[in-house]
Amino acid sequence: MQYPSKRSLGGLEDRMKIATFTYNRHFQSYLKDSFVKDFFQSPVVNSTLQVVSSSGQQCPLSLAADINRVLVEEVPCSVLNMEFFDRLYSAGVVRQSGSIVKCLDEVCSDFLISDELRKVLLDEESDNYAIFNEVDREEFLFRVLKHLVLGGPVNQYEDEIQPYLDTTKQLYKDLLTVVKDPNTQAISIASTALKVQAKVDEHLVFPGQLEHEQSFCYLTVDNFKRHVKAWYHIWC
């Protein structure tokens, strides 16, 4: 998959992966834990998904351990257009020209904050934090932008908002299926998004062995095509 700017991936590109799998069982959201557990126990999945070994090398998940526990969170994905982020302009986080407003450097949740955009994403004491409420912050679209902006361990930050928005839009479209009602012409998102972790007993093994904001895995499930897309990144 091609994205508008390598820098807009925020340094995620080295350890960010997207993989598509097929399945033959109808997905039902109330059985999501069982579905995800079966997903991780599939030999195809285990040989495709990558983890990082203690030596820092990437290797198949199948070499890590036998997964017997999963943590599954259903993620709302109801936002249909990028106007969701227009409030960044009206709040003065981003100038009308598209440049991101800078601020004095500070550290929050182990991330260096050097502009107002990262403040909105991370700093609950920020004057503009409330422009996105807790419901907004749960949305898959918000999470995609947040992951891109926070980036990887070696991150070249963008000075302009547009590359982040373009890459967020492209990822969102790549990961989700949209359908149109033939009668009303209304558009809706048909996929179900899940944030997942896999464990062996009490030990986290995927996506990373340590909890981190930027070690994440989302599964998007398309019941029409019987596809599961896994988007994941490992921070280390």
Can you name the number of the only condition in (1) surrounded by 14 or more Cβ atoms within 10 Å (Cβ to Cβ); (2) of a type in the set (Gly, Ala, Ser); (3) modelled with pLDDT of 95 or more that residue 65 fails? (3)
Consider the range 84-122. How many of its residues are surrounded by 18 or more Cβ atoms within 10 Å (Cβ to Cβ) and acidic (Asp, Glu)? 2
Filtered residue count, the range 106-118, keeping only those that are in contact (Cβ under 8 Å) with a residue 24 or more places away in the chain and not in a loop (DSSP other than H, G, I, E, B): 6
Would you check if there is a residue in the range 123-145 being at pLDDT 95 or above, open to solvent by 10 Å² or more (accessible area, probe 1.4 Å) and among the aromatic types (Phe, Trp, Tyr)? yes
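Table: residues versus (1) touching a Leu at 6+ places or on another chain (Cβ under 7 Å); (2) loosely packed, with under 12 Cβ neighbours inside 10 Å.
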site: 176; (1), (2): no, no
site: 180; (1), (2): no, yes
site: 192; (1), (2): no, no
site: 205; (1), (2): no, no
site: 220; (1), (2): yes, no
From the residues in the range 1-28 that are open to solvent by less than 50 Å² (accessible area, probe 1.4 Å) and part of a helix (DSSP H, G or I), which one is modelled with the highest pLDDT? 9
For the range 68-83, how many residues meet the condition of being surrounded by 12 or more Cβ atoms within 10 Å (Cβ to Cβ) and more than 17 Å from the chain's Cα centre (by Cα)? 3
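In the set 126, 47, which member is assigned to a helix (DSSP H, G or I) and over 25 Å from residue 173 (Cα atoms)?
The match here is 47.
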For the condition under 22 Å from residue 178 (Cβ atoms), touching a strand residue (DSSP E or B) at 6+ places or on another chain (Cβ under 8 Å) and not in a helix (DSSP H, G or I), what is the one hit in 103, 77? 77
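The values are calculated or read from the model by the stated rules, or taken from the named source; none is laboratory data. All of these numbers come straight from a predicted model, not from anything done at the bench. So basically every Cβ, Gly included, is an ideal-geometry build from the backbone, and we count neighbours across all protein chains shown. Each accessible area value is taken on the protein alone, full model and side chains, heavy atoms only, with ligands, DNA and RNA left out. Shrake-Rupley method; radii C 1.70, N 1.55, O 1.52, S 1.80 Å.
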